[in-house]
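The values are calculated or read from the model by the stated rules, or taken from the named source; none is laboratory data. Just so it is clear, the structure is predicted and the values come from calculations on it, not from any experiment. Positions of Cβ are backbone-derived with ideal geometry, glycine not excepted, and every protein chain shown enters the neighbour counts.
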Protein chains: 2
Amino acid sequence: LSDVVGADHVRTDAASLQRYGQDALGIGHPPDLVLLPANTREIAAIARLCHEHRIPLVARGAGTGYTGGAVPTRGGVVVSMERLNRIIEIDEANLLAVVEPGVVTGDLQRAVESVGLFYPPDPASLETSSIGGNVAECAGGPRGFKYGNTRRYVLALEAVLPSGEVIETGSKAVKNVVGYDLTQLLVGSEGTLAIVTKVTLRLIPKPPVRATLMALFTDIQAAVDAVTGLIGRRIVPVTLELIDAEALIAVSAHVGREMAPSGTGAMLLVEVDGTQVAVDEEIDQVAHACRDVGAIRVVPAADDEERDRLWTTRRLISMALRSTGLLKINHDVVVPRGRVPELFSVLDELREEYRLKIVAFGHAGDGNIHVNLMIDPNDPDQRTRAKAAERVLFERVVALEGSISGEHGIGFAKAPYLPIELSPEEIALMKRVKGAFDPNGILNPGKIFP
Amino acid sequence: LSDVVGADHVRTDAASLQRYGQDALGIGHPPDLVLLPANTREIAAIARLCHEHRIPLVARGAGTGYTGGAVPTRGGVVVSMERLNRIIEIDEANLLAVVEPGVVTGDLQRAVESVGLFYPPDPASLETSSIGGNVAECAGGPRGFKYGNTRRYVLALEAVLPSGEVIETGSKAVKNVVGYDLTQLLVGSEGTLAIVTKVTLRLIPKPPVRATLMALFTDIQAAVDAVTGLIGRRIVPVTLELIDAEALIAVSAHVGREMAPSGTGAMLLVEVDGTQVAVDEEIDQVAHACRDVGAIRVVPAADDEERDRLWTTRRLISMALRSTGLLKINHDVVVPRGRVPELFSVLDELREEYRLKIVAFGHAGDGNIHVNLMIDPNDPDQRTRAKAAERVLFERVVALEGSISGEHGIGFAKAPYLPIELSPEEIALMKRVKGAFDPNGILNPGKIFP
């Protein structure tokens with residue numbers, strides 16, 4: 001393996017093994033070896049060797065995932081994509097980009113926006129996460145309501161199979177129905193089927209204007225009613241971010257001033273984009289929809305500076321939660337949008353029954369709510385209660401016709417809960433699909449499946 | 001099998017066997033038996049029996065496909081979905097519909113539009129084709145440029161495996177990254193992996209206003225330049241239909257008057273939608289983009305009547321071609337949009353080299369062009385030349401970084417050409433995926449794979 005990548009691109013020191021052994025979940029396991037290949041050919045050679053010798057092989061992007069998808073839970077080889085970091089092509093005529101998996105999402109966005117194009121998916125980690133990781137986990141983000149998540153933008157992939165075979169799925173054409181859609185199958189497969197080595201992404205014209213509005217409500221139900229009202233008015237905002245009272249309190253405590261007047265039960269951040277006339281019309285409709293359901297306050301942003309200020313609360317939530325010193329267990333559950341109030345009722349029940357601090361915020365348009373269980377890591381009883389609450393949360397979400405993960409994936413953290421959502425037949429079928437790609441089971445073992 | 005569905009729902013007469021033995025391709029093969037089940041349970045029982053006795057099993061929607069996807073090329077059982085034709089639910093709050101596969105696409109569109117919602121995919125066959133068939137082939141249509149094809153709207157599926165197991169893929173939540181995306185894998189799999197028995201579709205708010213513009217150009221290059229100019233202006237029309245000179249001549253001959261002045265080399269039909277102000281602004285930009293590249297004529301529609309008139313040519317093409325008495329071999333090839341002029345150069349070469357009448361039109365925004373080889377069915381030499389031209393067409397399309405099918409699928413008609421686009425490794429992988437679903441190979445045998 002050292003011959004394949006060159007001795008300079010092998011890491012075996014303890015610090016590297018630790019660093020490449022974990023992601024944002026914070027629960028790691030060291031690999032036996034870290035390799036930094038330069039290209040597809042080297043990755044194919046690595047795969048072939050691992051396949052032959054049945055060595056676990058884990059592809060790694062930037063390690064910003066929340067479910068341990070990049071963690072080599074069974075040791076073996078970590079292949080880091082950090083040297084495959086070129087934007088190969090931005091094709092303005094055909095509205096597409098071809099990139100290597102190690103390109104940082106934010107860098108791609110700036111590159112395409114500089115020529116008037118737009119890559120919509122915007123996971124919170126976009127300044128550090130890589131396109132390869134975004135593809136592996138099917139990353140989402142606030143803009144998902146209008147623009148969809150990573151899946152919608154992946155046109156074609158180059159990928160290495162465990163056998164060392166290199167496949168190309170899809171094409172540069174925006175439509176393609178030739179054989180099975182392996183492109184879409186690989187998106188979200190968390191590195192368990194193949195190692196993606198090149199990504200062709202669909203782009204769209206950059207919307208010329210955007211506008212932002214912040215509204216405060218007495219409770220979650222009113223905020224969701226505003227969202228329903230918007231949809232009734234046939235408005236499709238880019239972003240519909242919902243922030244609950246616990247999150248507002250946490251941010252207020254963090255910055256040392258009140259982010260919302262007392263009695264505020266929910267904050268909604270709405271963003272629309274398009275041409276100037278369309279945006280003016282839509283943001284007006286948004287304000288009406290919020291006032292119609294009795295918003296406490298409706299604040300449109302007049303310029304980019306005001307927009308930044310409106311986003312302050314949302315932006316500070318994660319930092320505020322981390323600064324509490326508590327362990328933040330983040331679950332990105334998702335329900336049909338109309339059932340978001342029921343989901344928040346479930347959270348109230350869980351807070352009471354399991355005596356837990358729970359902070360929730362997320363993408364109300366998609367029904368994708370980040371539920372954060374805030375745990376004292378030194379209190380084993382709290383950990384036990386959180387574990388129990390977690391399972392109930394997932395069961396209730398599935399009962400609400402939702403899903404246990406909207407954009408973070410399963411990794412190893414949620415693998416035990418897969419049977420809550422999928423039947424034994426469905427899991428067995430997925431395992432057979434896995435076997436079609438990876439008969440020796442070397443790719444990212446211990447992930448997805450319980 | 002008769003016990004499963006009841007004797008009233010079994011067809012064995014010659015007329016039925018012929019009728020259920022072909023689709024719009026016009027090259028059929030009779031099944032041994034036609035069954036009209038009423039529900040998922042019956043379909044599961046049929047599948048189990050066929051699986052056990054290794055009897056070919058072909059699910060059939062409305063039989064409007066162009067590649068023989070619904071043809072039981074090896075006999076066996078055809079399961080028609082015509083009795084599974086209920087719209088189970090239209091959920092306005094969550095913007096989704098749950099339907100049985102036999103629902104006619106146009107019926108669903110009217111039902112959702114009556115409550116202000118919108119199901120964008122619009123295959124030409126929408127008044128007869130069914131949602132199940134649309135899902136099986138991943139149907140497209142003119143609106144694809146802005147709204148994407150069937151794939152983008154399928155949230156969840158209920159499907160029967162050959163073993164008789166019933167699986168549910170996806171969920172009503174618009175985001176879901178729990179395990180492999182079997183939903184997207186089933187879309188476009190042409191009934192070779194499972195039999196879809198229920199479809200959950202994402203809807204969008206119905207755009208309140210639309211506007212149409214027709215423009216004539218001296219040649220294809222100018223029309224494509226207009227499209228490129230539009231995209232440069234960051235306009236995303238719903239529809240960008242391109243019609244070539246041969247198609248204009250065919251329609252003119254059919255109706256007995258000139259559809260365009262002599263010297264016209266291409267017609268472009270552009271449609272935009274959205275709010276009134278947005279539409280006014282966009283259609284103005286469209287007109288500018290057409291005039292900038294020297295359009296011969298630019299005609300906006302002032303009302304629905306004028307709109308209908310502008311669409312006349314496009315609507316009449318298929319009928320005009322059929323009325324020639326020639327056999328119309330329709331190939332829905334697709335290239336990256338910027339390479340559409342190169343594709344038309346290829347067609348010119350093919351016309352000359354193989355002495356063939358070739359009529360082309362299609363979705364210029366997607367680069368998805370319907371190339372119709374017009375053949376005298378009684379001239380074996382022409383048939384031979386057409387066969388040779390077909391292969392060259394597909395080879396050239398793939399060389400242009402395109403795909404041999406954008407929306408019609410492979411069926412059996414294009415199966416021999418699969419290796420032009422896919423490598424042996426890719427085909428072998430797809431066969432292993434097929435085996436994961438259908439180990440005995442009973443589902444729609446003879447399709448997709450060469």
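What are the pairs with Cβ atoms under 7 angstrom where one residue, in the stretch A:80-92, is away from chain B (no Cβ under 14 Å) and the other, located anywhere, is charged (D, E, K, R)? Sequence gap at least six, or different chains.
Matching pairs, first to second residue: A:S80/A:R60; A:M81/A:R60; A:L84/A:E100; A:N85/A:E100; A:R86/A:E100.
Restricting attention to the stretch B:47-64, report how many residues are assigned to a helix (DSSP H, G or I) and surrounded by 24 or more Cβ atoms within 10 Å (Cβ to Cβ).
Here the count works out to 1.
Within the bounds of the stretch B:79-87, is there any residue that is under 30 Å from A:I235 (Cβ atoms) and not in a loop (DSSP other than H, G, I, E, B)?
yes
Can you tell me which residues in the stretch A:288-310 are of a type outside the set (K, R), part of a helix (DSSP H, G or I) and surrounded by fewer than 18 Cβ atoms within 10 Å (Cβ to Cβ)?
Of everything in the stretch A:288-310, those that are of a type outside the set (K, R), part of a helix (DSSP H, G or I) and surrounded by fewer than 18 Cβ atoms within 10 Å (Cβ to Cβ) turn out to be A:H288, A:D292, A:D304, A:E305, A:E306, A:D308.
Within the stretch B:202-224, which residues are out of contact with any Phe, Trp or Tyr (no Cβ under 7 Å at 6 or more places or on another chain), β-branched (V, I, T) and within 13 Å of chain A (Cβ to nearest Cβ)?
Selection gives B:V209, B:V224.
State the number of residues belonging to the stretch A:324-338 that are within 12 Å of chain B (Cβ to nearest Cβ) and either touching a Cys at 6+ places or on another chain (Cβ under 8 Å) or surrounded by fewer than 22 Cβ atoms within 10 Å (Cβ to Cβ) (or both).
Going through the stretch A:324-338 one residue at a time, the tally reaches 1.
Here is a yes/no grid of residues against (1) closer than 20 Å to A:G132 by Cα; (2) β-branched (V, I, T); (3) at pLDDT 95 or above:
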site	(1), (2), (3)
A:S2	no, no, yes
A:R41	yes, no, yes
A:E52	no, no, yes
A:V58	yes, yes, yes
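Scan A:A413, A:A388 and give me the residue that is closer than 23 Å to A:R322 by Cα, in contact (Cβ under 8 Å) with a residue 40 or more places away in the chain and of a type in the set (G, A, S).
After applying the criteria, what remains is A:A413.
Identify, from the list A:V34, A:V10, A:V103, A:V5, the residue that is under 20 Å from A:A139 (Cβ atoms), free of Cβ contacts under 8 Å to residues at least 60 places away in the same chain and touching a helix residue (DSSP H, G or I) at 6+ places or on another chain (Cβ under 6 Å).
A:V103
With the structure loaded, tell me whether B:V227 is within 13 Å of chain A (Cβ to nearest Cβ), part of a loop (DSSP other than H, G, I, E, B) and at pLDDT below 95 or whether it fails that test.
Criteria not met by B:V227.
Out of (1) in contact (Cβ under 8 Å) with a residue 12 or more places away in the chain; (2) more than 12 Å from chain A (Cβ to nearest Cβ); (3) farther than 23 Å from A:V279 by Cα, what's the single condition that is false for B:A287?
Condition (3) is where B:A287 drops out.
I'd like the residue in the stretch B:370-408 that is more than 24 Å from B:G144 (Cα to Cα) and basic (K, R) and, out of all such residues, is nearest to the other protein chains (Cβ to nearest Cβ).
Going through the qualifying residues, I end up with B:R391.
Quick one: in the stretch A:275-287, which of the residues that are assigned to a helix (DSSP H, G or I) and farther than 17 Å from B:P205 by Cα is farthest from the chain's Cα centre (by Cα)?
A:V277
Could you please let me know if A:A38 is assigned to a loop (DSSP other than H, G, I, E, B) and in contact with a Phe, Trp or Tyr (Cβ under 9 Å, 6 or more places away or on another chain)?
In short, no.
If I ask for residues that are facing another protein chain (nearest Cβ under 9 Å) and within 19 Å of A:L25 (Cβ to Cβ), which ones from the stretch A:357-369 would you list?
A:N368
Taking the stretch A:233-272 as the search range and keeping residues that are surrounded by fewer than 24 Cβ atoms within 10 Å (Cβ to Cβ) and within 20 Å of B:V279 (Cα to Cα), which one is modelled with the highest pLDDT?
Among those that are surrounded by fewer than 24 Cβ atoms within 10 Å (Cβ to Cβ) and within 20 Å of B:V279 (Cα to Cα), it is A:V238.
Here is a list: B:A156, B:A111, B:A194. Which entry is in contact with a strand residue (DSSP E or B) (Cβ under 6 Å, 6 or more places away or on another chain), farther than 28 Å from B:K434 by Cα and at pLDDT 95 or above?
Residue meeting the stated conditions: B:A111.
Output the residue which, of all residues in the stretch A:236-260 that are outside any helix (DSSP H, G or I), out of contact with any Ser or Thr (no Cβ under 9 Å at 6 or more places or on another chain) and in contact (Cβ under 8 Å) with a residue 40 or more places away in the chain, is nearest to the other protein chains (Cβ to nearest Cβ).
The residue in question is A:V236.
Return the residues of the stretch B:65-81 that are within 21 Å of B:S189 (Cβ to Cβ) and either in contact with a strand residue (DSSP E or B) (Cβ under 8 Å, 6 or more places away or on another chain) or surrounded by fewer than 24 Cβ atoms within 10 Å (Cβ to Cβ) (or both); say none if nothing qualifies.
If the condition is that a residue be within 21 Å of B:S189 (Cβ to Cβ) and either in contact with a strand residue (DSSP E or B) (Cβ under 8 Å, 6 or more places away or on another chain) or surrounded by fewer than 24 Cβ atoms within 10 Å (Cβ to Cβ) (or both), then B:Y66, B:A70, B:V71, B:P72, B:T73, B:R74, B:G76, B:V77, B:V78, B:V79, B:S80, B:M81 are the ones that fit.
Just the residues that are of a type in the set (V, I, T) and within 14 Å of another protein chain (Cβ to nearest Cβ), please, taken from the stretch A:261-275.
Within the stretch A:261-275, A:V272, A:T275 qualify.
For residues in the stretch B:202-224 being assigned to a strand (DSSP E or B) and among the β-branched types (V, I, T), which is farthest from B:L268 (Cα to Cα)?
Per the stated criteria, the residue is B:I204.
For the stretch A:263-274, state whether one or more residues are touching a residue at least 24 places away in the same chain (Cβ under 8 Å) and part of a helix (DSSP H, G or I).
no
State whether the residues of the stretch A:311-321 include one that is more than 23 Å from the chain's Cα centre (by Cα), surrounded by fewer than 20 Cβ atoms within 10 Å (Cβ to Cβ) and in contact (Cβ under 8 Å) with a residue 24 or more places away in the chain.
No - not one qualifying residue is present in the stretch A:311-321.
So, of the residues in the stretch B:409-430 that are within 7 Å of chain A (Cβ to nearest Cβ) and closer than 21 Å to B:G191 by Cβ, which turns out to be surrounded by the fewest Cβ atoms within 10 Å (Cβ to Cβ)?
Here the answer is B:L418.
Only one residue in B:V98, B:V103 is crowded, with 19+ Cβ neighbours inside 10 Å and under 25 Å from B:L443 (Cα atoms), so which one is that?
Of B:V98, B:V103, the one residue that is crowded, with 19+ Cβ neighbours inside 10 Å and under 25 Å from B:L443 (Cα atoms) is B:V103.
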